[in-house]
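Reviewing the structure listed below.
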Amino acid sequence: MAKLAIVSALLDEQKGLLDQLQQPTKRIRAGRSFWSGQWAGHDVVLVLSKVGKVAAASTTVTLIEAFGVERVLFTGVAGGIGEGVKVGDVVVADAFIQHDMDSGPLFPRYEIPLYGRSTLDCDASLSAILFEAVKLGLTGVGDHFHRTSLLEAPNVHRGLIASGDQFVCDPSDVDCLRAGLQSAGHAPLAVEMEGAAVAQVCYDYGIPFAAVRTISDRADAQAHMDFSAFVQQVASPYALAIVSQFMKKLQK
Ligand code: SAH
């Protein structure tokens, strides 16, 4: 049975997931708590990567080297920067790019040096299961949030996510980021701080990777406001509903 890692950056993103773990055991490694156990008959390891690309990459290496993980799922929140990607929507990643990668003039803008590519694809079959899990999972919770008028009914998107070591909270930064990526032929739906790093480590090891992000903000001046409340009240129940469906659909 291929052991699955479920990675989140922040504690509030992981809340609820840990409760689902049967026979949980904790091991601390490199300053992180790795929770191993069973979920819906699957061997899983839950961990918080902390924030940023280096933290996410080192966590992923530990998952693979020390815990024998053979597939990786990331669940968390992100800023919506694609057209029509609003707060409360959910994005399933098809691929990742580092918006802050620039080794010019040695390499083209965004290209990961010595990889000969800018984007890294997510695993097609894991992502297809995830997309179905999001649609099923949101049917219940989405209605709830819609009724309590916190949000409009959530839409589910699939596409490119951009990662970088920056909390984007300024419309002019978003314009700049989008224009730069667009000129290289990329149209990201969301921005966050870990996914591309996890994708790169999984690419190096040949391990399937999928990622889902609930949109917590529009990467504008409001982005930091109610961030924590949003993650607790919306993103955390979304993550639980989505990952629960994902575990049911996942092949052993
Ligand atoms: N306020 C938090 C820190 C959040 S950092 C705290 O006090 O702990 C933002 C986290 O959410 C990162 O893990 C990142 O992946 C994601 N994220 C959400 N919105 C983002 C945005 N607008 N720009 C970049 N990352 C964002």
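Grab the other residues whose beta carbon is less than 14 angstrom from that of residue 111, score K and R as +1, D and E as -1, and report the net.
Charge balance near residue 111 sits at 0.
When only C-alpha pairs under 8 Å and at least 6 residues apart count, what is the relative contact order of segment 137-252, in percent?
RCO, segment 137-252: 32 percent.
Per the Cauchy relation, a quarter of the hull surface: what is the mean projected area of the convex hull of the alpha carbons in segment 149-220, in nm²? Intermediate values should be presented prior to the final figure.
Values: hull surface 23.9 nm².
In nm², the orientation-averaged hull projection of segment 149-220 is 6.0.
Assuming 0.36 nm per residue, please report the length gained on full extension of the stretch residue 100 to residue 224 beyond their Cα-Cα distance.
Extra length from residue 100 to residue 224 when fully extended: 42.6 nm.
Lysine pairs in the chain with alpha-carbon atoms under 20 Å apart, 8 or more places apart or on different chains: how many are there?
11
Using +1 on the beta carbon of Lys and Arg, -1 on that of Asp and Glu, and nothing else charged, what's the dipole of segment 1-78 about the Cα centre, debye to 20?
220 debye
Give, rounded to the nearest 20 debye, the magnitude of the charge dipole that segment 93-252 has about its Cα centre when Lys and Arg contribute +1 at Cβ and Asp and Glu contribute -1 at Cβ.
Values: 11 positive and 19 negative charges, 145 e Å.
It works out to roughly 700 debye.
Which net charge results when you count Lys and Arg as +1 and Asp and Glu as -1 among the other residues whose beta-carbon is under 10 Å from that of residue 128? Working shown, then result.
Numbers: positive: 158, 249; negative: 123, 132.
Net of charged neighbours comes to 0.
Out of 108, 212, 98, whose Cα points farthest toward the positive end of the dipole of the chain (charges: +1 Lys, Arg; -1 Asp, Glu; placed on Cβ)?
Projecting each Cα onto the dipole axis, the largest value belongs to 212.
Is any helix in the chain, taking whole DSSP H runs, at least 24 angstrom long along its axis by alpha carbon and on average at least -0.5 on the Kyte-Doolittle scale, and which ones? Spell out each step's value before the answer.
Details: long enough: 124-147 (34 Å, 0.57).
Taking the DSSP H segments of the chain (at least 24 Å long, mean hydropathy at least -0.5), we get 124-147.
Starting from the Kirkwood Rh over alpha-carbon pairs, what translational D in µm² s⁻¹ does the chain have by Stokes-Einstein at 4 °C and 1.567 mPa s?
D, rounded to a whole number, is 72 µm²/s.
Estimate the FRET efficiency between residue 139 and residue 66 by the formula 1/(1 + (r/R0)^6), using the beta-carbon distance for r and 45 Å for R0, to the nearest 0.05.
Once rounded, the FRET efficiency stands at 0.75.
None of the figures in this text is laboratory data; all of them are computed from the coordinates on show. Nothing here was measured: the structure is a model prediction, and the numbers come from that model. In this analysis, Cβ positions are derived from the backbone assuming ideal geometry, glycine residues included, and neighbour counts consider all displayed protein chains.
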